[in-house]
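Enquirer: Okay, handing you the structure first.
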Amino acid sequence: MKKNLLAIIAISCACTLHANLSPSGELEGGHRAMVISPPRGSWRGATIPLVYSVEHTGNSFALPAMPSFNQLPEERNLPDPLAWSNGSGRAASFADWSRRRAEIAAEIQHYGIGTKPTVPKDAVHAYMDADTLVVNVTVNGRTLTLRSEIRYPKVGQPPYALMIGTSGISLPKQLFEGRPIATMVFHENQVNDYSQWRPHKERGQHNFDRLYPELKDNGAYSEWAWGLSRLIDGLQQLGPSHTKIDTEHIGVTGCSYAGKMALFCGAFDERVALTIAQEPGGGGAAAWRISHQMDSVECLEKTDYHWFLESMRTTFSGDSVYRMPYDHHELCAMICPRALLILGNPDYKWLADRSALVSARAAREVWKTFGIADRMGYSIVAGHPHCMLPESQYPEVQAFIDKFLLGKQADTSDVQVVSGL
């Protein structure tokens, strides 16, 4: 099995991660790539892309073995995100990352959220209804329809960069006003209508389940990630002449449960250039292992299991979490080499931001290893209501938007902001 990072540190300075927190939250211990804007990252002379033209570059790799619970070793430290699943070593170069990322994706689906199925291009039919993108997806003779209005900016010329909000955009409008960025909302209830606040269907009854009845045990986050990917399919199929959208500059953002959704959507689709996960809480950026050591937070036992596989709770509750073969720093790392900004709010203990800080720092080591640490940042700032970004965090968000959606020069080299934790 994979080695943990503390074991690796004796022979490599890649990173040092330990599942224990100090009081301050410090750590102890073959596809065409889109290169957008002047690239800052390179690996031994080769340019590292900022985004890809396909959903999953590692789709052709063989899946790793998925051991049963009794075969999984106990690991109290955060697993090394660069270590091969079979324990044979580490991804030694960026050329290995696509395969390693595919292993992480397979583990998260198998043990955590359920399968995100692939969809052939000919199963997708898209068209524009005025300014609304309509995407019909037909699988097993049944069709699911997605509809999302595109709101175009009043400045600039098409094709425009696009920010997709998962269930909505909580980031302040002034961050987009005056910038040539279109916006769109992914209405996740068109795929899976689960909600904590309104009546909803149960597992096996959602629109997704009509297409994939064999995946009725899926958690919502795999299905919602599938749905957002189908919107991107539609945008690619129609092209900028019909949509006015530049599909090389797509971002995704959301807050709270939708912040988790944005994180899963960005992690599982390599066509997303920028992911901004706002206050995603437990089950998002926070590591399950670390949250297990904390009180009054969204830990593995206390999260909402409409979102995840029920088997994750029965298999990994309590100290069994230390047998989980991955953790959520690896979910974050799946976004590498693309851009990720994690926003936190320690005023709400339930969000487990001390755990998210350790996880974010651990994940950032992957970008750092490949010389592109400027593409990953975090800003955890207290003193504001939930999902209401304070002005003090505007600069970090503006810099990531300008650099990774608009291709402008912006300094994101050291966005590691922590206040009030």
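Quick grid of which residues meet (1) in a loop (DSSP other than H, G, I, E, B); (2) exposed (fewer than 13 other Cβ atoms within 10 Å of the Cβ):
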{"site": "H386", "(1), (2)": "yes, no"}
{"site": "P395", "(1), (2)": "no, no"}
{"site": "K403", "(1), (2)": "no, no"}
{"site": "D411", "(1), (2)": "yes, yes"}
{"site": "V418", "(1), (2)": "no, no"}
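Enquirer: Just need a number here: residues in segment 317-352 that are among the charged types (D, E, K, R), assigned to a helix (DSSP H, G or I) and open to solvent by 10 Å² or more (accessible area, probe 1.4 Å).
Expert: 3
Enquirer: Further, regarding this structure: For segment 152-167, enumerate the residues that are surrounded by 14 or more Cβ atoms within 10 Å (Cβ to Cβ) and either modelled with pLDDT under 95 or over 25 Å from D217 (Cα atoms) (or both).
Expert: Y152, P153, G156, P158, P159, Y160, A161, L162, M163, I164, G165
Enquirer: Restricting attention to segment 10-19, does a residue exist that is within 29 Å of R354 (Cα to Cα), open to solvent by less than 20 Å² (accessible area, probe 1.4 Å), modelled with pLDDT of 95 or more and assigned to a loop (DSSP other than H, G, I, E, B)?
Expert: no
Enquirer: Spot the failing condition for K3; the list is (1) surrounded by 16 or more Cβ atoms within 10 Å (Cβ to Cβ); (2) touching a strand residue (DSSP E or B) at 6+ places or on another chain (Cβ under 7 Å); (3) at pLDDT 50 or above, and only one is missed.
Expert: With respect to (1) surrounded by 16 or more Cβ atoms within 10 Å (Cβ to Cβ); (2) touching a strand residue (DSSP E or B) at 6+ places or on another chain (Cβ under 7 Å); (3) at pLDDT 50 or above, K3 is out only on (3).
Enquirer: Look through K116, K121 and report the one residue that is open to solvent by less than 60 Å² (accessible area, probe 1.4 Å), basic (K, R) and over 12 Å from M324 (Cα atoms).
Expert: K116
Enquirer: Ok, one more. Among the residues of segment 365-384, write down those that are in contact with a helix residue (DSSP H, G or I) (Cβ under 6 Å, 6 or more places away or on another chain) and either surrounded by fewer than 16 Cβ atoms within 10 Å (Cβ to Cβ) or among the basic types (K, R) (or both). Spell out how you get there, then give the answer.
Expert: Kept after step one, since they are in contact with a helix residue (DSSP H, G or I) (Cβ under 6 Å, 6 or more places away or on another chain), are these residues of segment 365-384: 366-367, 370, 373, 375-376, 378-381.
Within segment 365-384, R375 is the sole residue that qualifies.
Enquirer: Pairs, please: C-beta under 6 Å, at least 6 apart or cross-chain, first residue more than 22 Å from N192 (Cα to Cα) and among the polar types (S, T, N, Q) and in segment 95-118, second assigned to a loop (DSSP other than H, G, I, E, B) and open to solvent by less than 10 Å² (accessible area, probe 1.4 Å)?
Expert: Within 6 Å, the pairs are S98/G58.
Okay, residues lined up against (1) closer than 23 Å to Q398 by Cβ; (2) hydroxyl-bearing (S, T, Y):
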| residue | (1), (2) |
| --- | --- |
| Y194 | no, yes |
| R203 | no, no |
| E214 | no, no |
| G239 | no, no |
| V252 | yes, no |
| A262 | yes, no |
| D269 | no, no |
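Enquirer: Then there's this: Would you confirm whether any residue within segment 89-102 is modelled with pLDDT of 95 or more, of a type in the set (S, T, N, Q) and touching a Leu at 6+ places or on another chain (Cβ under 9 Å)?
Expert: For segment 89-102, residues modelled with pLDDT of 95 or more, of a type in the set (S, T, N, Q) and touching a Leu at 6+ places or on another chain (Cβ under 9 Å): absent.
Enquirer: I want to confirm something. Restricting to segment 215-243 and keeping residues that are assigned to a loop (DSSP other than H, G, I, E, B) and touching a helix residue (DSSP H, G or I) at 6+ places or on another chain (Cβ under 6 Å), which single residue is least open to solvent (accessible area, probe 1.4 Å)?
Expert: G219
Enquirer: Give the residues of segment 270-281 that are surrounded by fewer than 24 Cβ atoms within 10 Å (Cβ to Cβ) and of a type outside the set (K, R), sorted by residue number.
Expert: Hits for segment 270-281: nothing passes.
Enquirer: Check off (1) open to solvent by 10 Å² or more (accessible area, probe 1.4 Å); (2) at pLDDT 95 or above for P199 and give me the number that stays unchecked.
Expert: (2)
Each row is one residue, and each column tells you yes or no for (1) at pLDDT 95 or above; (2) charged (D, E, K, R).
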| site | (1), (2) |
| --- | --- |
| A7 | no, no |
| G25 | no, no |
| E28 | no, yes |
| P39 | no, no |
| S53 | yes, no |
| D80 | yes, yes |
| Y111 | yes, no |
| P117 | yes, no |
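Enquirer: Can you run down the residue pairs with Cβ atoms below 8 Å, 6 or more apart or on separate chains, where the first is in segment 132-146 and of a type in the set (D, E, K, R) and the partner is not in a strand (DSSP E or B)?
Expert: Here the result reads R142/R210; R142/L211, each pair linking segment 132-146 to a residue that is not in a strand (DSSP E or B).
Enquirer: Find all pairs meeting these conditions: Cβ atoms under 6 angstrom apart; at least six residues apart or on different chains; first residue within segment 297-316 and closer than 23 Å to M66 by Cβ and open to solvent by less than 20 Å² (accessible area, probe 1.4 Å); second residue assigned to a loop (DSSP other than H, G, I, E, B) and aromatic (F, W, Y).
Expert: none
The values are calculated or read from the model by the stated rules, or taken from the named source; none is laboratory data. Quick caveat: nothing in here was measured; it's all calculated off a predicted structure. Cβ sites come from the backbone with ideal geometry, for glycine too, and all protein chains shown count toward neighbours. The protein model used for the area step is the full one, side chains on, heavy atoms only, and it has no ligands, DNA or RNA in it. Shrake-Rupley method; radii C 1.70, N 1.55, O 1.52, S 1.80 Å.
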